[in-house]
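Working notes for the structure below.
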Amino acid sequence: MNKFLVFFATCLSGLLIGPLSLADRGPLLARQALHHPVISESGMVVSQDMIASRVGAQILAQGGNAIDAAVATGFALAVTLPRAGNLGGGGFMMVHLAESNKTIAIDYREMAPAEAFKDMFLDTEGDVDNLKARFSIFSSGVPGTVAGLVHAQENYGVLSLKRVLEPAIKLARDGFTLSPDLSDSLRSRAERLQRDPSSKKYFYKADGSPYLHRDILVQKDLANTLKRIMTSKGKDFYQGKTANLIVEQMQRSGGLISKQDLANYEVIERTPVCGSFRDHRLCAMPPPSSGGVHLVQMLNILEGSDLKAMGHNSAAYIHHLVESMRRAYADRSLYLGDPDFFPVPVEQLIDKSYAAHLRQQINPKASSRSVNIKPGLRETAQPVEHNEQSESTETTHFSTWDRWGNVVSNTYTLNFSYGSGISVGGAGFLLNNEMDDFSSKPGFPNGYGLVGGIANGIQPGKRPLSSMTPTIVFDPKGEPMLATGTPGGSTIITIVMQILLNVIEFEMTIAEATASPRIHHQWLPDNIYYEPGLSEDSKAILREMGHILNDSTGRLGAAQSIYRNVDGRLHGAADSRRQGAGAVAAENP
Ligand code: GLY
């Protein structure tokens, strides 16, 4: 168990920690967030990159709605935040439309190619070949981002696609000034990225040295790809020159994505998973994300306890969070997958009486042990074996809100930082390594330590299970009140839940809710992850209750949120756990 905890801690801390430790940054981050609220009456964009937030805010200022701003921000991030912003990945967009009072979930997750098969990442011994699953030409699912963003813009935007794509094209064509964050990040990934000749050419100088802070990064091939997307309304990516470049890239190394796979890619509008906590309604992403289901499930469990009386981040509070997380992630391992391939019991999992049944199992004074917790709807859990973990991950979230009350909460990803590390030659963008989000071998954890079952096994055309949790919360009158989401792999769902609890239960401002120390538990490994700032008293009491807390500390996620106050003003909170994030008001882009 100890060995296992050590490797998982190393993995998760790789996932969570950036260039500075939170011990250095924590109080400063809180001060920055609290002292620089961005408030607006006419619209807001919050993303991981200030340049991209400005692009979105300019679109709002030019009369665009929240969807136009989101699409412009998404394409801009594909240029300025190459580790997670993307054309070669996929994601989920929650849209609330003010006029029709409708909330929509747009699924543009990657799809497994037609030639993918269940055991494709198993070696001759039957073990998962992590390098093949994560860093090879086979690691990529058919990308959905371009189709998803174009679908959103064409169906729900008010400006032309040309107008919302122009800023990204300009950034790629003329270049932009590298932030310290981007230059550090490219330097730290040089070994992996330089293994691929196209990535080396796109993200490093001609002599292979890294770009420095304040250098200009010009991406001509990417600019041309974006231009073709603009003129073809996205078709080029799936059936034109870009599609050909992707397929040629596959053929050079024996990859599986074919012309037919690209032509068959489909965006799906799904019914959001909605639930309630106290007198607030919330809607989040349904399967193939596990986010909405388990967010609602955990909140249902917690709703039966007086969390406020326990006190924020007290031992009693954290104990209750952990016990709800433990049970939700146990269910995740067995019941969650692509609903088009597996009958995910969504209604049962988010049923309040099921939550009451799970709540009854929680001893308020003592920790459960995860080995004793089985997925709860049936007694079918198999013992799980753990194996070596991988490295850090990236994903990115952005939120937009316009003056009419339309709201977008969008999370998209290449999976790991810079995805597979392989760029499409001639097209200028990186490919995802989302195939690793499938369960390559039931019971064997993926790059986030998440254990899955046959529900999430590899099949042609299937979408891998995700944790991405773009969420919109409504006030007791039914008006949208909060748009939020975060990167963080397996920690995404528990981070989003804590932001909601901080706002609804503890009445924090969105800046406070964002800066507060977070914890995470995911059933297996049986360990509480926590950020600095948790009191020694709470930790000591949790240990006395039987919880396991390792010594690793790091940042959990980077939430980008917009909160609408009772006075109607929008408060933007860019999470300063990762450098470079920015909230920008529409009147001040
Ligand atoms: N690739 C991370 C996620 O989808 O949750």
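Nothing in this text is a laboratory measurement; each read-out follows from the coordinates by a stated rule. Nothing here was measured: the structure is a model prediction, and the numbers come from that model. When we count neighbours, we look across all protein chains shown, and the Cβ atoms used for this are built from the backbone with ideal geometry, even at glycine.
Ellipticity at 222 nm from helices only: DSSP H runs of n ≥ 4 in the chain, each -39500 (n - 2.57), divided by the residue count, give -11000 deg cm²/dmol. Over all pairs of different C-alpha atoms in region 165-294, the reciprocal of the mean inverse distance, the Kirkwood hydrodynamic radius, equals 18.1 Å. Once both labels are positioned 7 Å from their Cα atoms along Cα-to-Cβ, the gap between Gln251 and Asp123 label points is 3.2 nm. For region 222-375, the alpha carbon positions stretch 61, 34, 28 Å along the principal axes, listed from largest to smallest.
Here the label points at Lys170 and Val371, each 7 Å from Cα along the C-beta direction, are separated by 6.1 nm in the simple model.
Using a cutoff of 8 angstrom between alpha carbon atoms and counting only pairs six or more residues apart, the relative contact order for the chain works out to 27 percent. Extension gain for Leu131-Glu266 works out to 45.8 nm (0.36 nm per residue, less the C-alpha to C-alpha distance).
Highest-first packing order for the peptide set 488-499, 360-371 is 488-499, 360-371, based on the mean count of other beta carbon atoms within 10 Å.
Pairs of Cα atoms nearer than 8 Å and 6+ residues apart set the relative contact order; for region 187-265 it is 16 percent.
Straightening the chain between Glu536 and Ile454 buys 25.4 nm, computed as 0.36 nm per residue apart minus the Cα-Cα spacing. Derived from the Cα gyration tensor, the three semi-axes of the equivalent ellipsoid of region 126-241 are 28, 22, 12 Å, largest first.
With all pairs of separate Cα atoms included, region 464-564 yields a Kirkwood hydrodynamic radius of 14.6 Å. Computed from label points 7 Å out along Cα-Cβ, the spacing between Asp184 and Asp306 is 4.4 nm. Along the Cα-to-C-beta direction of Gln62, a point sits 7 Å from the Cα; which residues of region 134-167 have their amide N less than 19 Å from that point? Of the residues in region 134-167, 149-167 have backbone N under 19 Å from the label point off Gln62. Here region 283-323 is scanned for amide nitrogen atoms under 19 Å from the site 7 Å beyond the Cα of Lys352 along Cα-to-Cβ, giving 283-284, 293-308.
For region 261-349, the equivalent ellipsoid built from the Cα gyration tensor has semi-axes of 30, 14, 10 Å, listed from largest to smallest.
Of the cross-linked pairs Lys200/Lys241; Lys241/Lys441; Lys308/Lys477; Lys132/Lys201; Lys162/Lys200; Lys132/Lys259, those separated by over 27 Å at the C-alpha level are Lys241/Lys441; Lys162/Lys200.
Normalised by the number of residues in region 39-115, what is the relative contact order in percent for Cα pairs under 8 Å and 6+ residues apart? Over region 39-115, the number comes to 19 percent. Summary of the geometry: region 532-587 and region 75-122, compared by the centres of their Cα atoms, lie 25 Å apart. Let's test this: bin the Cα-Cα distances of the chain at 10 Å from zero up to the farthest pair and state each bin's percent. Percent of pairs per bin, in order: 4, 19, 31, 28, 14, 3, 0.
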